[in-house]
Amino acid sequence: MLSLKEHQQVAALLYNTMDFNVKKLATGAGLFFTRAVQFTEEKLGQAERTELDAHFENLMSRADCTKNWTEKIYKQTEYLLQPNPIDHTGARIEEFLYEKLDMKAPSRVTNAELLGQYMEEAAKEFGPGTPYGSTLMKVGDCERRLGAVEREFIHTSAISFLTPLRNFLEGDWRTISRERRLLENLRLDLDACKTRVKRAKAAEAKAACEGAVAPDFQETRPRNYVLSASASALWTEEVEKAEQDLRLAQTEFDRQAEVTRLLLEGISSTHVNHLRCLHEFVEAQAAYYKQGHLLMMELQKELGRLPNAFALNSNHSAVAPAAASEDVISPVETETLKIEEVQAPATGTRKAKVLYDYDAADSSELSLLADELITVYTVPGMDSDWLVGEKGNQKGKVPVTYLELLS
């Protein structure tokens, strides 16, 4: 058990703590009331307001603009990377919980990967040897690969683009906002001190005028004259104290203004950082679309080689009327005519730049290397998705989507 002396020490400590807390609460309440009065009088036009310089105002406006547009770009990028933010799987809720727990969320399959899985399972049910089943298998495999590319794009974009934007909004901007609120409070304190000095000087001048008039002892009591002189001295003391508080408030305001100015000027560095992140996002997006395009072109080629019943029926229906109407064979039907026998027209040839590498599927096609220049032209009856390409002594069909026509 505690001794009497120890009880007294504990009681004294509790009393001092409570007394300190009460005084602190009273001081805070008084400061809040003073700021509220100053703010209200400014809105009513009854008090002067310290205005910041034009450069400072421009910095704050630029910071607000940066915050607003960064927030919009961040949210829209999230919607782009995950089009269905609220789905039946609760994916966003799960991600939010993992983020708050500072844990890495488990990898989740994309919609394309899920589609590819369903197609492959359907192909097994229908029979991979059937035209429909074999086609489903090929398309399903391509969709799964597209989904993997998409998942990599989402992961890369989240790290290189979304994370820096979120760090700015949740880190730098919160610091700037906190310092700006503190600056505004100190500005209200400064203007309240200016108002206090102004009113104290006015009261001092009034008291001095009343004390300077010689008293008429027949009409004025001597006691009133003495009180007037005492009031003048009190107001002089109040002016000195108010001016001292004003100097202190001005110093604190200037110091906080400098801190806030430095933070606001740091927005330029934020723009440079976001610019770099934007370039990385564009590179990731370009790589994503390029890989998707190549995968789809490869899928088209594979489907063209499959013994597809739909393609066979389409070919028969398309060839039959032509056979009935004319017996002339098109020069591009490589079944009966080799591509080497096709001659370039006298006019109509064009130069083209190869965008991507292309491996010829058979002897009728021409293999390509990215960035090389070739001569291309078309012949009557040729599929619009293909051109005849020539480079040196080589000649063959080339896909239009792999080319950039120059002239």
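The values are calculated or read from the model by the stated rules, or taken from the named source; none is laboratory data. Worth saying up front: this structure is predicted, and the values here are computed from it rather than measured. Glycine also receives a Cβ, built like all others from the backbone with ideal geometry; neighbour counts cover every protein chain displayed. Calculation scope for accessible area: heavy atoms of the full protein, side chains included, ligands and nucleic acids excluded. Shrake-Rupley method; radii C 1.70, N 1.55, O 1.52, S 1.80 Å.
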Packing rank of 182-188, 109-115, where each peptide gets the mean count of other beta carbons within 10 Å, highest leading: 182-188, 109-115
Label-point separation in nm, T375 to E283, each point 7 Å along Cα→Cβ: 3.9 nm
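Determine, from the Cβ-Cβ distance of T163 and T34 and an R0 of 56 Å, the FRET efficiency 1/(1 + (r/R0)^6), rounded to the nearest 0.05.
Once rounded, the FRET efficiency stands at 0.85.
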Karplus-derived 3J(HN,Hα), 6.51/-1.76/1.60, for each residue of the range 176-190, Hz, glycine and proline x: 4, 4, 5, 5, 5, 5, 5, 4, 5, 5, 5, 5, 5, 4, 4
For E365, distant residues with modelled amide H under 5 Å away: K397
Per residue accessible area in Å² of the range 349-406, where ligands, DNA and RNA are left out and the probe is 1.4 Å: 53 Å²
Under Karplus coefficients 6.51, -1.76 and 1.60, residue-wise ³J(HN,Hα) of the range 138-146 in Hz, glycine/proline x: 5, 5, x, 4, 5, 5, 5, 5, 4
Placed amide H near W386: partners under 5 Å, 5+ positions off or other chain: V400
Sites F126 and Q250 - FRET efficiency at Förster radius 60 Å, r taken between beta-carbons, to 0.05: 0.10
